Amino acid sequence: MIKLVDVSKDYFTGGVTTSALKKINLTVEKGEYMAVMGPSGSGKSTLLNILGCMDSLTGGQYFFDETEVSALSVNRFNKFRKENISFVFQNFALMNHYTVFENAELPLIAKGVGKKQRKEKVLAALETVGIADLEKKLPMNISGGQQQRCAIARAIAADTELVLADEPTGALDRATGMGIMDVFDEVNKSGKTVIIVTHDIEVAKRTNRIINIVDGQIV
Amino acid sequence: MKNRDIAVFSIDSLFTRKWTSAAVIAISTITMVILYYMLLMFFSETFSYDRANKLIKADKGRLANITVGSTMLYDETYYDRIPEFIDELDSLEGIELSGAHFTTFAVINELSQNEEYKKINGNVSDKLNLKKNPELSKFLVTDFDLLSILGISYDQKLYEEVLKSGRVPVLVGSAYKDIVKLHETLTTPKTDFEVIGFLDNSDRWFGAESISFDSENVMELDCVFMVPREYYPKSNDFLHSIFWYADEKTEFEAAEERVDKLAMKHNIVLNSVCVKNIFDEVYISMKETLTAMAGAIISVIIVTLFSCISSNIVSILFRKSELGIYQACGVTENELGKMILFESIIKTTASLLLGFYIGIKLFEESQYIIKGHMALINLKIFAVMASLGIVIILASALFPMRYIKKRKPKDFLEEYL
Ligand SMILES: Nc1ncnc2c1ncn2[C@@H]1O[C@H](COP(=O)(O)OP(=O)(O)O)[C@@H](O)[C@H]1O
Ligand SMILES: [Mg+2]
């Protein structure tokens with residue numbers, strides 16, 4: 001489903017060029033469950049950003065199914081992200097002033113889904129991650145694990161092919177983190193392609209494939 | 001994303017971050033107030049300027065304003081000599097009388113010595129206070145200086161009407177609260193007085209309708225209270241204003257000489273001023289003021305734009321992470337841009353309306369004599385103010401939107417990556 005061909009990413013800051021990714025080649029099949037590991041600063045997040053269409057590449061090509069994402073116009077690129085990709089972050093990235101339900105509803109609003117359908121989908125997603133009873137709570141009133149479940153419910157509700165997670169257990173204790181991985185297992189079982197960046201080997205072991213990045217290259 | 005949802009999110013975020021929104025609105029409002037206040041000043045000044053300009057062109061320097069007055073040369077026949085003088089003046093070659101007023105007013109000096117005056121109680125009449133009696137504003141003139149110079153300071157028709165109705169027309173001088181009190185006191189018991197004009201300390205006449213009788217703000221004027229002579233025959237002080245034109249063929253100076261000679265013959269003291277000379281002074285200082293104001297207004301426009309744009313952008317920076325979340329949830333940069341555009345428009349429009357209102361109020365407050373009043377109800381000026389506002393709204397909304405569209409999601413998501 002995903003094919004990266006010689007993908008490079010350079011950052012230019014203050015006249016200094018940092019090569020975060022160096023000619024990466026990677027293929028990910030549809031429905032795969034994969035972990036990306038590597039030391040800090042090795043380029044894991046950069047890779048995830050590129051896969052998630054959050055950032056453009058400076059070299060190479062990125063294919064998603066039949067689409068060459070790296071060749072899309074800015075507008076199409078942004079729309080592509082909306083249609084195909086969901087994110088889960090280490091810090092949950094929830095809107096503080098929205099309830100659990102409203103947070104999970106966001107991607108559906110972004111897609112222009114009708115209200116009734118939104119409600120069905122969000123409730124089902126909250127059910128899947130096991131926090132249906134918290135739908136009316138604000139993020140600050142629930143635990144970290146529950147917040148992350150809300151974030152995953154948001155990804156499930158969005159119903160995209162690809163789910164990307166950057167250190168989703170990084171802010172949680174081991175037991176809670178494993179609970180989160182249970183949820184990711186579910187997501188993957190429902191047919192979604194899941195890619196998780198982590199430096200926790202226990203987390204990585206829960207997936208079916210581990211790649212290692214060192215200094216911007218897959219080893 | 002549906003436009004309706006974009007609007008809902010915009011409004012939502014305005015209220016969620018009510019203090020940021022309030023701060024942005026406050027900052028923009030302050031500059032808007034300054035801008036509108038200055039604009040109104042500018043317009044009211046332009047009014048006078050245009051008028052002066054027209055009058056100078058029309059008049060070609062042939063109009064004079066003569067004030068006749070005396071205490072020193074007063075004798076029994078003085079009052080009778082003045083009409084004679086006027087008649088002869090009219091028949092002088094090269095000179096035409098303008099439609100000025102010929103009523104001789106007796107001046108009652110030293111109001112405090114006046115028996116009537118002593119009866120005054122503490123109440124200041126609300127009747128002639130513009131704020132308390134908005135009816136008066138119907139009679140407002142835009143620019144009394146120039147009107148008075150033209151000799152239409154007080155309305156001859158009004159004068160006659162007042163006389164016919166049995167009331168006594170009065171011309172007043174300075175210390176308004178006293179004059180107003182006097183007017184009130186005189187009016188109630190026996191005689192009905194009506195103020196039809198006033199005089200400043202350079203003997204310029206003004207219509208009563210151009211006065212704002214503000215009890216707290218006493219304008220420095222002559223301390224005179226004048227009624228037609230027949231009502232105070234004992235007074236030996238009077239003023240009489242006459243306006244004449246030098247005709248097309250006659251130079252002002254030559255005409256003036258002739259008028260002076262005639263006055264001497266009648267043993268009358270004259271103070272004659274060429275209206276154009278007064279105009280010229282006014283005109284030059286107005287021109288300078290206008291240029292300075294225009295410059296100031298342009299800088300204020302720039303400052304207003306800058307403050308509206310930057311406060312909108314800064315308020316975006318406050319919520320970078322939130323915008324990042326929107327993007328991560330699939331909201332595209334275009335949609336986010338619309339959201340920001342909508343928000344900025346609401347904020348700037350709010351400041352604009354506030355600025356409009358406060359600016360006008362402030363302007364009104366500051367104009368003790370409301371000479372700019374006409375400017376406020378003028379549609380053209382309203383249109384200029386509104387379109388300037390719209391330009392500011394659009395600019396201050398479009399820049400933040402462009403700013404958003406140029407960012408990559410990653411820029412906003414720093415916190416999470
Ligand atoms: N916005 C940026 N500007 C400049 N350099 C960056 C930027 N983001 C990341 N980098 C650099 O790119 C490299 C990879 O970063 P990142 O992908 O965040 O690593 P990881 O997630 O594996 O810790 C690092 O050297 C980092 O300093
Ligand atoms: Mg990282």
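The values are calculated or read from the model by the stated rules, or taken from the named source; none is laboratory data. The structure displayed is predicted, hence computed values, not measured ones. Backbone-built Cβ (ideal geometry, glycine too); neighbour counts: all protein chains shown.
Looking at B:397, B:386, just one residue is at pLDDT 85 or above and in contact with a helix residue (DSSP H, G or I) (Cβ under 6 Å, 6 or more places away or on another chain), and that residue is B:397. Among the conditions (1) within 16 Å of ligand 2 (Cβ to nearest atom); (2) part of a strand (DSSP E or B); (3) within 14 Å of another protein chain (Cβ to nearest Cβ), residue A:196 misses just one, which is (3). Is it the case that segment A:76-84 has a residue that's within 13 Å of chain B (Cβ to nearest Cβ), under 14 Å from the mean Cα position of the chain (by Cα) and surrounded by fewer than 16 Cβ atoms within 10 Å (Cβ to Cβ)? Yes, segment A:76-84 contains a residue that is within 13 Å of chain B (Cβ to nearest Cβ), under 14 Å from the mean Cα position of the chain (by Cα) and surrounded by fewer than 16 Cβ atoms within 10 Å (Cβ to Cβ).
Taking residue A:91 as the residue in question, decide whether it is within 18 Å of residue B:329 (Cβ to Cβ), within 16 Å of ligand 2 (Cβ to nearest atom) and surrounded by fewer than 20 Cβ atoms within 10 Å (Cβ to Cβ). The answer is yes for residue A:91. All of (1) more than 10 Å from chain B (Cβ to nearest Cβ); (2) of a type in the set (S, T, N, Q); (3) touching a Gly at 6+ places or on another chain (Cβ under 8 Å) hold for residue A:90 with one exception: (1). Exactly one residue among B:315, B:344, B:285, B:321 is over 30 Å from residue A:108 (Cβ atoms), among the hydroxyl-bearing types (Ser, Thr, Tyr) and out of contact with any Gly (no Cβ under 6 Å at 6 or more places or on another chain), and that residue is B:285. When the test is whether a residue is at pLDDT 95 or above and crowded, with 19+ Cβ neighbours inside 10 Å, residue A:4 passes it.
Only one of the numbered conditions (1) modelled with pLDDT of 95 or more; (2) out of contact with any strand residue (DSSP E or B) (no Cβ under 8 Å at 6 or more places or on another chain); (3) under 27 Å from residue B:404 (Cβ atoms) is not met by residue A:155, and that is (2). The residues of segment A:30-56 that are within 12 Å of chain B (Cβ to nearest Cβ) and among the hydroxyl-bearing types (Ser, Thr, Tyr), listed by number, are A:45, A:46, A:56. When the strands (runs of 3 or more DSSP E) confined to segment A:1-54 are screened for residues that are within 16 Å of ligand 2 (Cβ to nearest atom) and touching a residue at least 60 places away in the same chain (Cβ under 8 Å), those reaching at least 3 such residues are found at A:16-28, A:33-37.
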